Amino acid sequence: MKKIAPLTSAAMAAAVCMVVLTSAHADSGRAMPRNVPSAYTQECAACHTAYPPGLLPAASWNRVMTGLGKHYGTDASLEAATVRQLNQWLQDHAGTYKRVNEEPPEDRITRSAWFERKHRKIEPATWKLASVKSAANCAACHTGADQGQLDDHDLRMPAGLDTRSRRAWND
């Protein structure tokens with residue numbers, strides 16, 4: 001029987017890194033996919049952050065896309081072919097992982113359990129600052145929001161935070 005040589009510490013470290021990176025990638029469904037349709041950028045991102053499709057489950061995206069005539073108080077209607085294309089892309093990249101398996105109230109990302117948990121320390125007044133305007137304005141704090149990068153590493157304090165909120169921000 002052939003004896004297998006023990007792994008060197010460098011090889012073991014590389015193996016551990018691969019497992020960690022693979023696990024992290026499996027939960028990165030909130031990142032923006034590479035194949036963003038130009039219509040998504042032109043139509044959706046013209047009015048608000050181009051949200052990564054992994055932030056909502058497929059059923060929520062389907063309701064959003066089939067209800068564009070009354071899109072959160074605005075008529076965001078598009079040509080039927082464009083709606084089909086975008087809806088298919090959103091369905092293909094919708095959130096399927098544990099944190100996004102529930103459909104939030106009114107299909108609002110900002111009402112999802114994971115969003116509320118991640119932002120629980122944000123004072124309600126912060127969402128009303130002129131530099132923020134609403135919880136849906138991810139780019140007010142997340143510097144990579146326009147590329148779908150919403151992690152905690154690239155945050156900036158929005159203008160107008162009071163001293164108490166500034167201290168909480170740095171916790």
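Brief remarks follow.
- Within the stretch 126-135, being surrounded by fewer than 16 Cβ atoms within 10 Å (Cβ to Cβ) and in contact with a Phe, Trp or Tyr (Cβ under 9 Å, 6 or more places away or on another chain) holds for LYS133, SER134.
- When the stretch 87-140 is limited to residues that are closer than 24 Å to ASP154 by Cβ and of a type in the set (Val, Ile, Thr), the one that is modelled with the lowest pLDDT turns out to be VAL100.
- Selection of first residues in the stretch 89-108 that are within 20 Å of TYR40 (Cα to Cα) and of second residues that are charged (D, E, K, R), restricted to Cβ pairs under 9 Å at least 6 apart or on distinct chains, gives the following pairs, ordered by first then second residue: GLY95/ARG30; ASP107/ARG63.
- Complete set of residues in the stretch 34-54 that are part of a loop (DSSP other than H, G, I, E, B), aliphatic (A, V, I, L, M) and farther than 23 Å from LYS133 by Cβ: VAL36
- Taken over the stretch 60-81, the criterion of being hydroxyl-bearing (Ser, Thr, Tyr) and touching an Asp or Glu at 6+ places or on another chain (Cβ under 7 Å) is satisfied by SER60 alone.
- For the stretch 39-65, taking the residues that are modelled with pLDDT under 95 and polar (S, T, N, Q), the one that is nearest to the chain's Cα centre (by Cα) is identified as THR49.
- Flag if ALA139 is touching a residue at least 40 places away in the same chain (Cβ under 8 Å) and surrounded by 19 or more Cβ atoms within 10 Å (Cβ to Cβ): no
- Meets criteria (surrounded by 13 or more Cβ atoms within 10 Å (Cβ to Cβ), over 17 Å from GLU43 (Cα atoms), of a type in the set (A, V, I, L, M, F, W, C) and at pLDDT 90 or above) for ALA76: no
The values are calculated or read from the model by the stated rules, or taken from the named source; none is laboratory data. All figures in this text were calculated on a predicted structure; none of them were measured in a lab. Cβ atoms come from the backbone with ideal geometry, glycine included; neighbour counts cover every protein chain shown.
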